[in-house]
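Single-structure report; data block below.
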Amino acid sequence: MDIVELKSPHKVLSQDPIHPHIGKTFRVTKGRKSFACMIENHYAVISCVSFTKGISRTMDEIAQHHDDPDTAMFWTVYKTKEAKELKNLPTMVGAKALILTFGYLKAHYQQLKTFATLSPVPTLAKKFSSIPTDIMVLNDWLSMRKDPVARFHLLNGAKLHRICLDADRSNLRQKQSYGTMVNYTY
């Protein structure tokens, strides 16, 4: 498994099931980069990262350009269609790719001090008919790893940093989580 930086809007960037409405060019311009975990010469896992000043609370902040970034904000990590065709796909390939990408960034972008995510909560609307008034209810539910994205990050060593209300106004995120997203730190 090797990490490579995608320097142009590659076709695998249009396979994102987490943010399908965000175009390929956005992912590789103005302080944003995309990385591929290569397995057997195939793009297996894609990580899209925005270089920011501090931990971003919203997708709008992910879109902002920063001249002196100190944080790598992972805003999507997904397996490609090609990965599903690999015979020897390692178990927990997404987690392994994420950890390898952290190492790549630490080696190539020494100014980065913080590694965090702005992650969706895809099952929130299935569990709650609206956002709980007491945010600790949501915090406790996420900490119990009931949501698959929370489970992925917490099992891989992340800490739940902050629940971000109104973080994403896209139709998909409104339907899944009322626009709520979560910052996890590594």
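The values are calculated or read from the model by the stated rules, or taken from the named source; none is laboratory data. The structure presented is a predicted model; accordingly, all values stated were derived computationally and were not measured. Reconstructed Cβ throughout: ideal geometry from the backbone, glycine too, with neighbour counts over all protein chains shown.
Tell me the residue from LEU142, LEU154, LEU165, LEU172 that is under 14 Å from the mean Cα position of the chain (by Cα) and not assigned by TED's automatic domain parsing to the domain that holds ARG57, please. Spell out the reasoning first.
Working: LEU142 fails: under 14 Å from the mean Cα position of the chain (by Cα); LEU165 fails: under 14 Å from the mean Cα position of the chain (by Cα); LEU172 fails: under 14 Å from the mean Cα position of the chain (by Cα).
Just one listed residue meets the conditions, LEU154.
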Have a look at ARG169, ARG145, ARG173 and point out the one that is part of a helix (DSSP H, G or I) and either under 15 Å from VAL45 (Cβ atoms) or of a type in the set (D, E, K, R) (or both).
-> ARG173
Exclusive hit being of a type in the set (Val, Ile, Thr), in contact (Cβ under 8 Å) with a residue 12 or more places away in the chain and not in a helix (DSSP H, G or I), set ILE99, ILE131 | ILE131
Breaking point among (1) in contact with a Leu (Cβ under 7 Å, 6 or more places away or on another chain); (2) not assigned by TED's automatic domain parsing to the domain that holds ALA44, for ILE135 | (1)
Sole miss for SER129 among (1) over 18 Å from the mean Cα position of the chain (by Cα); (2) of a type outside the set (Asp, Glu); (3) in the same structural domain as VAL28 (by TED's automatic domain parsing) is condition (3)
Those residues of the stretch 51-72 which are in contact with a helix residue (DSSP H, G or I) (Cβ under 6 Å, 6 or more places away or on another chain) and under 10 Å from LEU118 (Cα atoms), in sequence order = SER56
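Tell me which residues, restricted to the stretch 164-186, are among the basic types (Lys, Arg) and either within 16 Å of PRO132 (Cα to Cα) or out of contact with any strand residue (DSSP E or B) (no Cβ under 9 Å at 6 or more places or on another chain) (or both). Break it down stepwise before answering.
In the first step, residues of the stretch 164-186 are kept if they are among the basic types (Lys, Arg); the result is 169, 173, 175.
Those that are among the basic types (Lys, Arg) and either within 16 Å of PRO132 (Cα to Cα) or out of contact with any strand residue (DSSP E or B) (no Cβ under 9 Å at 6 or more places or on another chain) (or both): ARG169, LYS175.
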Please give the strands (runs of 3 or more DSSP E) falling wholly within the stretch 1-73 in which 1 or more residues are free of Cβ contacts under 8 Å to residues at least 24 places away in the same chain.
-> 42-52
